[in-house]
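The values are calculated or read from the model by the stated rules, or taken from the named source; none is laboratory data. Only a predicted model underlies this, so the values are computations on that prediction, with no experimental measurement involved. Methodologically, a virtual Cβ is constructed for each residue, glycine included, from the backbone with ideal geometry; neighbour enumeration extends over all protein chains shown.
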Amino acid sequence: MKAALDAGRAYLRRVRRADSSWGYTHGQAGQAEPTVLVAAAGDGPEWLARSWLAQASLGWAAFLLPAVAWERDPKLCERALDAIAAFHSTPVEGMEDFDATLPGWSWVAGTAAWVEPTAFAMLSLRRAGRLPDRVDQGVALLLDRQCSDGGWNYGNPAMFGTDLAGHLDATGWALLALPARTQTQDAIAHGLHFIAGALDRPSTLNLALASLACAAHQTDPSPFLTLLAPRLGENGARGRADLTALACAALATHLEGWHAFV
Amino acid sequence: MPSSDAHAKGVLTRRALIGGAAALATAAVGANVYQELRQPDQRVLQMRCPSYDDDLMIRIIHGIMAFPAVRARARGAHIVLKPNLVELRPDRPINTDPRFIAAVAAAFLELGAGRVTVAEGAGHARDSEYLLEQSGLEDQLRPLGVPFVDLNVDDAVDVRPPHNLTGLGSLPVARTVMAADLLVSLPKLKTHHHVGVTLSMKNLFGTVPGHVVGWPKNPLHWAGIDNSVDDLWSGIQPAFAIVDGIIGMEGDGPIMGTAVPMGLLLFGDHLPAVDAVATRLMGLRPERVHYLHQAIGLGGTIAARKILIMGDQVDPRPFKVVDRFAHLRA
C-alpha cells in the first residue's frame, strides 16, 4: 500500500502544471476539481496551489476547498466559505417521491439541490465550524434522499413511484458529510452496509470513497484499500489527477493516520 | 323550449361554427402539408440484425457504404463515436452495447478512418472507469487500439446554437466532439420518461461536460430538455447516426424500462430523420415528440413521405411508454 501511495503522489508531482494547477488528465489546462482534490492527497504544503486557487473561478469545486484546505490556509478558504454561505439551491415544488423543496447546494446556480454538491458544502462547513444551521439543513436533505437500498442516488431516491438504486460514489460523499448523531445513526448504518458493495463493484472512485467513508465512521477500510492499491501505478489511477488524489487520500488515512475530509 | 328565433340563431351559430371549424381544419391540413413539403428529402437505412454476435462489423460496413458521402469523409479522418452510456445494470439494456460500439469502430477503421475515438460523458454516473471495466467496453476497444475519452472531464468549447431555443446563448460542448472530423451518434433504441424517446439527438446530452454543468447536467433540464436537444443537434450537427436497436428498451426508460429484442440497426446522415423512423418503428408518432416536431423549424425532416427508407422491411413493434406519453402511440 505504501508503494501505491508513493506512486500516486509521484504521478501527481509529475503532472503538476507550471502554474501549480492540475488538469483532470495530463496536458489539460488547470481545472478546479482536481486542483482542489490534490490538496487531499497530503504530501506537504506545496500541494496546495494557493495562487491558482485564489485566482481561478472554482464553481462548485469551491464547495469542497475548505474541506481539504482549512487547516493549512484558512484565509484562502474564506472566499469559498462565502460562496457556500451565499449559495441557495432552487426548490422544486410538486415532486411526489421526495421533498425537493429542502434547501441544499446544486452544481450550478439556479438549479435544484443534489447529493454530491450538498455533501461537499457540508464537509467544508463542518471543517471550518461555520453555519451549523446550514449543515443541519444538509443533513435533512441527505436523510430525505436516501434510497431504500441504503445508498444514495445522485439526486432522487425514487422517480415516478419507482425506487432508484443507490450509487457507491454518491453514497461515499453522503456518508462522509453526515455527522454521527442519534438522528443520523440508522442512515449511516444502512449506508455503510450499502457501500460494502464496492468490493463487488470495484473502481478507483468507488473504493477510495468507500474507504474514506468507512474510516470517517470508525469502520475498517482495509478490504477496500487492498483492492484500491493495485489501481495506482506509474500513471496514477488511469492518468486522472482527481481519481489519483482521492486514492492517495484514502491510502493516507490508513497509512499515515489522518483523514483528508474529516 | 327555445323560440324559433333563438332556434334559428342557434342553427346559424352552429352553421357558423361548423363552417369555421371546416375552414380551420382546411387551414390546418394546409399548414401540415406545407410543413411536410418544406422538409428536405432524407434517407434512412433499416437493417435487420438479430444479435450482437452475427457478423456485426460486416453489416455495419454495408450500412455505412449506403451513404457514400459519409464513407468518403471517413477516409483518413478522426472519427468520434458517441455511444449512450448511462449506468451499468446487468439486468437492463440501458447502454449502447459494447459489442456494437466496437463493431462500429472496427467498421470505420476497415473503411480507412485515420483514427477512431469513443467518447461519452454519462448523464449522472461520474464513474466512467467502472462503466468501462464492468460493461466490457474496455475489453472490446483494447484490441482495436481505440481510446475512450470521458467527455465529462474534457475541455469545453462554447457552441452557439443558431436558434438559441434554451435562451442560454451558448452551450459548453466537449472539445473532443467539436474537433472530430466526423461525429457519429450511437444511441440505444429506448423510450424516455421525460421526453418520450431517446435516440440519436437526445444522445447529444452526453457531449456536455459534467465538470461545467454538473451531474446530471441539470441546467439543460431547467432550460427545457426538448430545447436543449434541438440546440445541441443544430449547434453540433453530427454527421451520422447508427442506432443500436438490436435490443431496445420500452416503458420507464432510459434506465428502469424493460428489454425489447427488436433485431434492428438504423443508419442515417440526418439525425431527425433517423429518430423519426426509429420512433415509428416503436409504434409511436414522431410528430408528437416535442423535440422532433420542433426540429422541423430548424431544418429537420421527420415526415414519413420525405424520408426514403432503404434496406430491409421492418414492421413496427409497439413499445410501452409511461402514462404521460400515452399520446405518442400511433
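Listed values, structure above:
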read-out	value
Test for B:Pro209: is it assigned by TED's automatic domain parsing to the domain that holds B:Arg89, more than 13 Å from the chain's Cα centre (by Cα) and at pLDDT below 95	no
Meets criteria (touching a residue at least 60 places away in the same chain (Cβ under 8 Å), more than 14 Å from every other protein chain (Cβ to nearest Cβ), assigned to a strand (DSSP E or B) and within 12 Å of the chain's Cα centre (by Cα)) for B:Asp244	yes
Residue that is in the same structural domain as B:Arg73 (by TED's automatic domain parsing), out of contact with any Leu (no Cβ under 9 Å at 6 or more places or on another chain) and among the β-branched types (Val, Ile, Thr), where the choices are B:Val195, B:Val260, B:Val229	B:Val195
Yes/no for B:Gln35 being of a type in the set (S, T, N, Q), at pLDDT 95 or above and touching a helix residue (DSSP H, G or I) at 6+ places or on another chain (Cβ under 7 Å)	no
Of all residues in segment A:183-208 being within 14 Å of another protein chain (Cβ to nearest Cβ) and part of a loop (DSSP other than H, G, I, E, B), the one that is nearest to the chain's Cα centre (by Cα)	A:Ser203
Segment A:161-177 - residue that is within 13 Å of chain B (Cβ to nearest Cβ) and more than 15 Å from A:Trp114 (Cβ to Cβ) and, of those, surrounded by the fewest Cβ atoms within 10 Å (Cβ to Cβ)	A:Gly161
Within segment B:60-91, tally of residues that are within 16 Å of B:Pro187 (Cβ to Cβ) and either at pLDDT 95 or above or in contact with a Pro (Cβ under 8 Å, 6 or more places away or on another chain) (or both)	9
Sole exception among (1) crowded, with 18+ Cβ neighbours inside 10 Å; (2) farther than 12 Å from A:Ala177 by Cβ; (3) within 14 Å of chain B (Cβ to nearest Cβ) for A:Gly104, by number	(2)
Scope segment A:148-177; condition out of contact with any helix residue (DSSP H, G or I) (no Cβ under 8 Å at 6 or more places or on another chain) and in a loop (DSSP other than H, G, I, E, B); matching residues	A:Ser148, A:Phe160, A:Gly161, A:Leu164, A:Ala165
First in segment B:301-312 and farther than 20 Å from B:Pro68 by Cβ and of a type outside the set (Lys, Arg), second anywhere and part of a loop (DSSP other than H, G, I, E, B) and at pLDDT 95 or above, Cβ under 6 Å, 6 or more apart	B:Ala303/B:Gln39
Residue in segment A:25-35 that is surrounded by the fewest Cβ atoms within 10 Å (Cβ to Cβ), counting only those that are in a loop (DSSP other than H, G, I, E, B) and facing another protein chain (nearest Cβ under 7 Å)	A:Ala29
Test: residue in segment B:170-183 that is touching a Phe, Trp or Tyr at 6+ places or on another chain (Cβ under 6 Å), at negative phi and assigned by TED's automatic domain parsing to the domain that holds B:Ile94	no
Hits in segment A:36-53 - residues which are free of Cβ contacts under 8 Å to residues at least 60 places away in the same chain and within 14 Å of chain B (Cβ to nearest Cβ)	A:Val36
Helices (runs of 4 or more DSSP H) wholly inside segment B:74-151 containing at least 2 residues that are touching a residue at least 60 places away in the same chain (Cβ under 8 Å)	B:98-110
Filter result for A:Glu71 (away from chain B (no Cβ under 14 Å), assigned to a loop (DSSP other than H, G, I, E, B) and out of contact with any Phe, Trp or Tyr (no Cβ under 6 Å at 6 or more places or on another chain))	yes
Subset of segment B:197-227 (residues that are outside any loop (DSSP other than H, G, I, E, B), within 14 Å of chain A (Cβ to nearest Cβ) and not hydrophobic (A, V, I, L, M, F, W, C))	B:Gly210, B:His211, B:Asn218, B:Pro219, B:His221
Residue match in segment B:276-293 (condition: closer than 29 Å to A:Ala119 by Cβ, of a type outside the set (Lys, Arg) and buried (at least 22 other Cβ atoms within 10 Å of the Cβ))	no
Test: B:Gly123 is within 23 Å of A:Ala208 (Cβ to Cβ) and either assigned by TED's automatic domain parsing to the domain that holds B:Ala72 or of a type in the set (A, V, I, L, M) (or both)	yes
Every residue from segment A:233-262 that is within 14 Å of chain B (Cβ to nearest Cβ) and of a type in the set (A, V, I, L, M)	A:Ala237, A:Ala241, A:Leu243, A:Ala245, A:Leu246, A:Ala247
Filter result for A:Ala180 (away from chain B (no Cβ under 14 Å), in contact (Cβ under 8 Å) with a residue 24 or more places away in the chain and either of a type in the set (Phe, Trp, Tyr) or not in a helix (DSSP H, G or I) (or both))	yes
Whichever residue in segment A:127-160 is within 14 Å of chain B (Cβ to nearest Cβ) and within 19 Å of A:Cys214 (Cα to Cα) and, among such residues, is surrounded by the most Cβ atoms within 10 Å (Cβ to Cβ)	A:Trp152
